[in-house]
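Below you'll find the structure, written out as structure tokens, and then a few comments.
Bear in mind that the values in this text are calculations on the coordinates, not laboratory data. Since we're looking at a predicted model, the values are computed, not measured. Glycine gets a Cβ as well: all are built from the backbone with ideal geometry, and neighbour counts include every protein chain shown.
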Amino acid sequence: MRAVLTMTAAVMSLCLTAGAVQADAPLVSEWRLDEVSGTTTTDSVTGASGTLSGAAAFGPGVFDGGLVFGGGTVSAPLAVDTGNSFTVSVWVNLDSKCAVTKCKFAAVSADGERSSRFSLGYLKDRDHLGNWYFELAEADTDAAPITATATTTFPVETGEWTHVVGVYDAESGTSYVYDSGSLSGSGTVNTQWNGTGALTLGALQKAGVRTGFFPGSADEVRFYDRALTHDEVFALYHPAS
């Protein structure tokens, strides 16, 4: 069933005049991650630099180059105010699933002082078999409570590039997660606050400590400074060849 839905979305995406929709979307940050060596990557929109550290390196991406994580991260300036509506998109490829009963791996996150304001990645717990997720913390504290996490419908397949998008609508207090161009789940956010720390690729922050290291690859990280519509998110999805 998943294969049928994915193929249908791919065909529809090819038929959609995506350029017109994307032209109106407020792209404020784009990390193409196409560098081939070194420890620095550049935001093609803002010109800001991100720094690779630990076991993070440039490697194969979904289109050209990408990032391969083995316990390392990329730290860079964050171009959106996470107290207001925003959208984050990323192509991700999970190398291995969680081997224990509960874990959370973040491909993209934004730091506060003590916790991540948001994180987007892979989640496994008693209610999820291993799904893509998008969530926003209610407070910048060690506990960093989450009211309701947006999770995708289908469990993640390893070794496959997947386009995952998180949308935060501050006005309605709702978060949404999209899997391969299709809306897949929603969550609840009751508190607006801005994570004033860095953008982090490959991990999240909990109680002031870096954790949740993503075991896999990421590519094409984009930010928009409002909540994109369903049609706009769908237009961002292009099946990889």
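When the chain is fully extended, how far beyond the present Cα-Cα distance does VAL36 get from ALA99, taking 0.36 nm per residue of separation?
Working: separation 63, 0.36 × 63 = 22.68 nm, distance 3.15 nm.
Gain on extension, VAL36 to ALA99, equals 19.5 nm.
For GLU171 and ASP231 in one chain, what is 0.36 nm times their gap in residues minus the Cα-Cα distance, to one decimal in nm?
Details: separation 60, 0.36 × 60 = 21.60 nm, distance 1.92 nm.
19.7 nm is the gain from fully extending GLU171 to ASP231.
So what are the ³J(HN,Hα) numbers for the stretch 71-77, from phi and the Karplus equation (6.51, -1.76, 1.60; θ = phi - 60°), rounded to whole Hz, Gly and Pro as x?
Coupling constants for the stretch 71-77: x, x, 9, 10, 10, 8, x Hz.
Loop-only check: which chymotrypsin sites (Phe, Trp or Tyr not before Pro) in the stretch 34-78 are DSSP coil with at most 13 other Cβ within 10 angstrom?
Details: sites: PHE58, PHE63, PHE69; in loops: PHE63.
Qualifying residues, ordered by number: none.
Amide H to amide H, which residues 5 or more places from ALA110 or on other chains are under 5 Å from it, using H placed in the peptide plane?
ARG117, PHE118, THR200
Relative contact order of the chain, please, whole-number percent, based on alpha carbon pairs below 8 angstrom and at least 6 residues apart.
Details: 688 pairs, mean separation 67.9, N = 241.
Taking the mean separation of contacting Cα pairs over the length of the chain, I get 28 percent.
If the cut-off is 19 Å between C-alpha atoms, which lysines fall inside it for LYS206, apart from same-chain ones fewer than 8 positions away?
Result set, ordered by chain and number: LYS102, LYS104, LYS124.
Among TRP91, THR39, GLY54, which residue has its Cα positioned farthest towards the positive end of the charge dipole of the chain, with +1 placed on the Cβ of Lys and Arg, -1 on the Cβ of Asp and Glu, and the dipole taken about the Cα centre?
GLY54
Among the GluC sites (Glu not before Pro) within the stretch 136-220, which fall in a DSSP loop and have no more than 16 other Cβ atoms within 10 Å of their own Cβ? Please report the intermediate quantities before stating the final value.
Details: sites: GLU138, GLU157, GLU160, GLU171, GLU220; in loops: GLU138, GLU157, GLU160, GLU171.
Answer by residue number: GLU157, GLU160, GLU171.
Select one label from (i) 1.05; (ii) 1.22; (iii) 0.92: the one whose number is Cα Rg over 2.2 N^0.38 Å as derived from the coordinates shown.
Matching entry in (i) 1.05; (ii) 1.22; (iii) 0.92: (iii).
Ordered by residue, what ³J(HN,Hα) values in Hz, to whole numbers, does the stretch 83-88 give under the Karplus form 6.51 cos²θ - 1.76 cosθ + 1.60, where θ = phi - 60° and Gly and Pro are x?
x, 10, 4, 7, 9, 10
Compute the longest continuous run of the chain that contains no exposed trypsin sites (Lys or Arg not before Pro); treat a site as exposed when its DSSP state is not H, G, I, E or B and it has at most 13 other Cβ atoms within 10 Å.
Values: sites that count: LYS102, ARG126.
The longest uninterrupted stretch comes out as 127-241.
What full-extension length gain, to one decimal in nm, is calculated for ASP142 and ASP81 as 0.36 nm per residue of separation minus the Cα-Cα distance? Write out the running numbers ahead of the final one.
Working: separation 61, 0.36 × 61 = 21.96 nm, distance 2.10 nm.
Gain on stretching ASP142 to ASP81: 19.9 nm.
In 5 Å bins starting at zero, report the fraction of Cα pairs in the stretch 112-241 per bin as a rounded %.
The percentages, shortest bin first, are 2, 10, 20, 24, 22, 15, 5, 1, 0.
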